[in-house]
Amino acid sequence: MSTTAATSASRPAYRTLRRRLLSRVTRIFNPLIARFAGTRAVPFFAKLHHRGRRSGRDYVTPVVALRLADYVVLPLAFGQEADWVRNLRAAGRANLRWRGMDWSLVDPVVISFEEGSRALNPVQRLFVPLLAIREFVRLTALLDAALS
């Protein structure tokens with residue numbers, strides 16, 4: 001099996017215009033967002049610390065974080081095939097720097113838009129359709145104190 005065939009079998013073959021544009025914008029803005037993510041100054045962005053599923057390398061990815069009852073919810077702009085999501089699911093745990101606090105998170109579960117969208121405020125609900133977000137990852141905090 002060639003390298004191309006192996007890659008296409010593990011990832012979806014489609015590449016929509018929206019995804020290509022979002023990917024380019026992400027490459028440009030992620031380094032800037034990463035500087036401020038996790039601070040109280042930008043409360044909707046967080047830094048997700050996760051370990052590579054194959055390399056074992058530590059990564060930090062800026063993500064949008066939301067609360068849903070006793071959970072932390074992360075919207076999946078690139079779907080379940082994003083590397084950080086695959087790393088998170090393989091490890092089963094991650095650390096999150098959000099709103100100036102450190103969170104230890106476990107049990108990542110991909111949830112539907114219907115369930116995850118309950119964490120969105122009315123303004124966020126206007127933007128989610130533009131980004132075509134259809135899924136979220138729900139994580140449980142190890143310490144209840146972090147959710148208070």
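The values are calculated or read from the model by the stated rules, or taken from the named source; none is laboratory data. Note that the coordinates shown come from a computational prediction; the quantities given were computed from them, not determined experimentally. With ideal geometry, Cβ positions are generated from the backbone for all residues, glycine too; neighbour counts draw on all protein chains shown. Just so you know, the surface numbers come from the protein's heavy atoms only, side chains and all, with ligands and any DNA or RNA stripped out. Shrake-Rupley method; radii C 1.70, N 1.55, O 1.52, S 1.80 Å.
Could you tell me whether any residue of segment 95-103 is more than 17 Å from A141 (Cβ to Cβ) and buried (at least 20 other Cβ atoms within 10 Å of the Cβ)? No - not one qualifying residue is present in segment 95-103. All but one of (1) under 21 Å from L120 (Cβ atoms); (2) modelled with pLDDT of 90 or more; (3) in contact with a Gly (Cβ under 6 Å, 6 or more places away or on another chain) hold for R40; state the number of the condition that does not hold. It fails just one condition, (2). Looking at segment 47-65, is at least one residue open to solvent by 70 Å² or more (accessible area, probe 1.4 Å), within 17 Å of V110 (Cα to Cα) and touching a residue at least 12 places away in the same chain (Cβ under 8 Å)? Within segment 47-65, none of the residues are open to solvent by 70 Å² or more (accessible area, probe 1.4 Å), within 17 Å of V110 (Cα to Cα) and touching a residue at least 12 places away in the same chain (Cβ under 8 Å). In segment 70-94, the qualifying residues are those that are open to solvent by 10 Å² or more (accessible area, probe 1.4 Å) and in a loop (DSSP other than H, G, I, E, B), and the one that is nearest to V128 (Cα to Cα) is A77. Quick check: anything in segment 125-142 surrounded by 14 or more Cβ atoms within 10 Å (Cβ to Cβ), at negative phi, without any contact (Cβ under 8 Å) to a residue 24 or more places away in the chain and part of a loop (DSSP other than H, G, I, E, B)? No, segment 125-142 contains no residue that is surrounded by 14 or more Cβ atoms within 10 Å (Cβ to Cβ), at negative phi, without any contact (Cβ under 8 Å) to a residue 24 or more places away in the chain and part of a loop (DSSP other than H, G, I, E, B). Filtering segment 98-111 for residues that are assigned to a helix (DSSP H, G or I) and in contact with a strand residue (DSSP E or B) (Cβ under 8 Å, 6 or more places away or on another chain) leaves an empty set. For segment 25-43, the set of residues classified as in contact (Cβ under 8 Å) with a residue 40 or more places away in the chain, of a type outside the set (V, I, T) and surrounded by 14 or more Cβ atoms within 10 Å (Cβ to Cβ) consists of A37, G38, listed by residue number.
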